[in-house]
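Right, one structure below, let's go through it.
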Amino acid sequence: MLLIRMAWLNLWRNRRRTLIAGGSVFFAVILAIVMRSATLGIYDNLIHNFVTYSSGYIEVHQKGFHEDASVDLSMEVHSELLLQLRKQPGVTAVQPRIQSFVLASGSGQAKGALFMGVIPSLEKKYTHLDRKLCAGTYPESDSERVALLGVDLASRLKLKVGDTLVVIGQGYRASTAAGKYRVCGLLQLGSPELNQRIVYLPLCHAQALLSTPDMVTSLAVQISGPAQLEPVARRLRTLLDTAQLELMTWKELYPELDQFITADSGGHIIMSGVLYLIISFGLLGTLLMMARERTHEFGIIIALGLRKENIAIMLLCESLFISLMGGAAGITSGWLLVRWFHANPIPITGKLKGMYLSYGIEPVIAVSNRPDVFYVQAIVVLLISLMLVIVPIVRVLQLEPVKALNS
Amino acid sequence: METTEAGTQAATVIDAHELSKIYNGRQVPVKAIDGVHLHIEEGEFTAIVGPSGSGKSTLLHLIGGLDVPSSGNVVLAGTEITKLSENKLIDFRLHHIGFVFQAYNLVPVLTARENIGFVMQLQGIAKDVREKRVQELLAQVGLTDKADCKPAKLSGGQQQRVAVARALASRPRIVLADEPTANLDSVNAGNLLDLMARLNREEHITFLFSTHDPRVIEKARRVITLVDGRVVSDQHHA
Ligand SMILES: Nc1ncnc2c1ncn2[C@@H]1O[C@H](COP(=O)(O)OP(=O)(O)OP(=O)(O)O)[C@@H](O)[C@H]1O
Ligand SMILES: [Mg+2]
């Protein structure tokens, strides 16, 4: 107790120096948090824009469908199973969809398209597909015979709202699938890939087209947040008949996306590392100075009978106090900042907006508020303060009392 | 053998044999202490005097177990401290030796009261016992009103009085003081010596201190003179 008290009091002998040292930790932590949250936010956004309108964060399908996306691998889904899946914590929506590849054409040439039968009312409710509309109107009922097109696909097919889309493909068990639909709206999605390829049809018309009444190819599971991915996947697996059905997370569905994020993350982590390295040098200087200028005092208290280990404990406490105060303040402020930015994403305007859009990224800086961002910083700061203090501690342990007294 | 005021046979507190300390100087080895024998009994009030560089500090450091002799040994209150491991030695100092140094003796962040209680606190003495003793010592050194001042707010003389009080607090077998008055003016130096002499009498604690201040020497009851690391005279005064 005496040692801890002395350590605390020692910090305030040179108040300014302690505040500068604590302040450097504070700013490093805030910066690291904001940087990390912002990049995670970008990734989350990227993933969200892609998976929400294609597979869902988690996709449930027949075994083999991922390798061979054939309508023949359609399945009937019991409403009890749907209900049960929807009840699981972390699950926000389970949407029955039917997917296939088709040839789409307007008046001119045909293009390959990703064809997706969805229930418009469910999409409106859970994925806000209606908000992605850039022209035309959203289907008013789930049975309207209309199609929604990715905006880039529409322009390549030279189709406008009100025109007729012709779809040709292969239906269930090699049946021919062909149909005509009125284009009711164009979609500007957050993914350029989807904008160039997607065709949405109400599920019932899609099923009729593909001769798969009452069947779907997949269940798209949406979750309440990126952190829920693994827990939800684990829970759902236990509910499924895994002999027939297969559950895949977006990471398994699109490994390249996951790899890209991991690689890109590496760069950001190195940047944070450099940031922490820089403040470590400053902190080490402070800790060394704090110990060195007290050499005589250490000599006195060693002479009086305080073991060197106890002085080491005192130095350790001092280092921890500085880092933890700076770190705690940094984490709290970082958390508040991130919370605010999370609730109020910054819209990007001007030239940058166009650039974001052309990359298919929503033009907002949306930060992630994942908790691991915060406790990782706490651990880093703790480790730094523990490691740095080793240097002055080793010096104290080597101190000879007479030399210390004479200094 | 000397007798104490109580008239009983005095016990030996310090017994140093054939003590030498050689420093490996830049060019030639320096014999800071050269074959010193020293025998001090309980309750003595002894000054070590000698010119600068004669080895006074070195001798006190060796006796206090702060430094290791090149040869010879030191027995303190029956324990051969020259044979103790580093941590055992620190614990021995904590329980048996009080120190007063020339200046900057006190822990700057602690108050006078806390400085006096410091050694007792390290010893793990209960708070109420400790506080009672600190209060008593504060009164003895005349600093009751400065009890809650930090050292920076005390004069040099007051700081040394706190240091003396701290050295005595846990009633060690011996108090070693290396030039405790060197940074004080003559009035304060005299006062500090009077204080030490009184505590020596009242608390019956053995004092061994170094000085080259003639007025301080007068107050000692035994004066050991060192020259070039050797004892050249050892006189008892009345
Ligand atoms: N660490 C050291 N390395 C080398 N020589 C030393 C060291 N410490 C002391 N000496 C030498 O040992 C001798 C005795 O020094 P010491 O400090 O004991 O003298 P002193 O009597 O206390 O002197 P002063 O009155 O100036 O305090 C001196 O010659 C000094 O130069
Ligand atoms: Mg000296």
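The values are calculated or read from the model by the stated rules, or taken from the named source; none is laboratory data. Because the structure is a prediction, the values reported are computed rather than measured. For neighbour counting, all protein chains shown are included, and Cβ atoms are generated from backbone atoms with ideal geometry for every residue, glycine included. The accessibility values were calculated without ligands, DNA or RNA, using every heavy atom of the protein model including side chains. Shrake-Rupley method; radii C 1.70, N 1.55, O 1.52, S 1.80 Å.
Here are some notes:
The rows are residues; the columns are (1) over 32 Å from the mean Cα position of the chain (by Cα); (2) part of a helix (DSSP H, G or I); (3) within 30 Å of A:Gln196 (Cα to Cα).
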position: A:Met290; (1), (2), (3): yes, yes, no
position: A:Gly299; (1), (2), (3): yes, yes, no
position: A:Ala303; (1), (2), (3): yes, yes, no
position: A:Ile311; (1), (2), (3): yes, yes, no
position: A:Phe321; (1), (2), (3): yes, yes, no
position: A:Ala329; (1), (2), (3): no, yes, no
position: A:Val338; (1), (2), (3): no, yes, no
position: A:Lys353; (1), (2), (3): no, yes, yes
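- Search result, residues across the stretch B:164-183 that are within 16 Å of ligand 2 (Cβ to nearest atom) and open to solvent by less than 30 Å² (accessible area, probe 1.4 Å): B:Leu176, B:Ala177, B:Asp178, B:Glu179, B:Pro180, B:Thr181
- Only one of the numbered conditions (1) touching a residue at least 40 places away in the same chain (Cβ under 8 Å); (2) under 26 Å from B:Thr181 (Cβ atoms) is not met by B:Asn73, and that is (2).
- Criterion (of a type in the set (D, E, K, R), outside any helix (DSSP H, G or I) and surrounded by fewer than 16 Cβ atoms within 10 Å (Cβ to Cβ)) met by exactly one of A:Glu140, A:Glu144, A:Glu59: A:Glu140
- Residue check, A:Tyr138 in the same structural domain as A:Gln196 (by TED's automatic domain parsing), more than 19 Å from A:Gly106 (Cβ to Cβ) and either touching a residue at least 60 places away in the same chain (Cβ under 8 Å) or more than 34 Å from the chain's Cα centre (by Cα) (or both): no
- Inspection of the stretch A:369-383 identifies no residue that is open to solvent by 20 Å² or more (accessible area, probe 1.4 Å), assigned to a helix (DSSP H, G or I) and within 14 Å of chain B (Cβ to nearest Cβ).
- Any hit, the stretch B:73-82, residues being open to solvent by less than 50 Å² (accessible area, probe 1.4 Å), modelled with pLDDT of 95 or more, more than 8 Å from every other protein chain (Cβ to nearest Cβ) and assigned to a helix (DSSP H, G or I): no
- Some residue of the stretch B:104-113 being away from ligand 1 (no atom under 16 Å from the Cβ), at the interface with another protein chain (Cβ under 8 Å from one of its Cβ atoms) and not hydrophobic (A, V, I, L, M, F, W, C): yes
- Residue-level analysis places B:His237 outside the set of residues that are within 16 Å of ligand 1 (Cβ to nearest atom), open to solvent by 80 Å² or more (accessible area, probe 1.4 Å) and farther than 15 Å from B:Glu42 by Cα.
- Of the residues A:Leu148, A:Leu219, the single one that is outside the structural domain of A:Tyr43 (by TED's automatic domain parsing), modelled with pLDDT under 95 and aliphatic (A, V, I, L, M) is A:Leu219.
- The requirement of being closer than 30 Å to A:His296 by Cβ, open to solvent by less than 60 Å² (accessible area, probe 1.4 Å), within 16 Å of ligand 2 (Cβ to nearest atom) and part of a helix (DSSP H, G or I) is fulfilled nowhere in the stretch A:384-393; no residue meets it.
- Here is the figure for the stretch B:14-73: residues that are within 11 Å of ligand 1 (Cβ to nearest atom) and either in contact with a Gly (Cβ under 6 Å, 6 or more places away or on another chain) or of a type in the set (Gly, Ala, Ser) (or both) total 12.
- Residue check for B:Gly65: under 23 Å from B:Thr211 (Cα atoms), away from ligand 2 (no atom under 16 Å from the Cβ), open to solvent by less than 10 Å² (accessible area, probe 1.4 Å) and assigned to a strand (DSSP E or B): no
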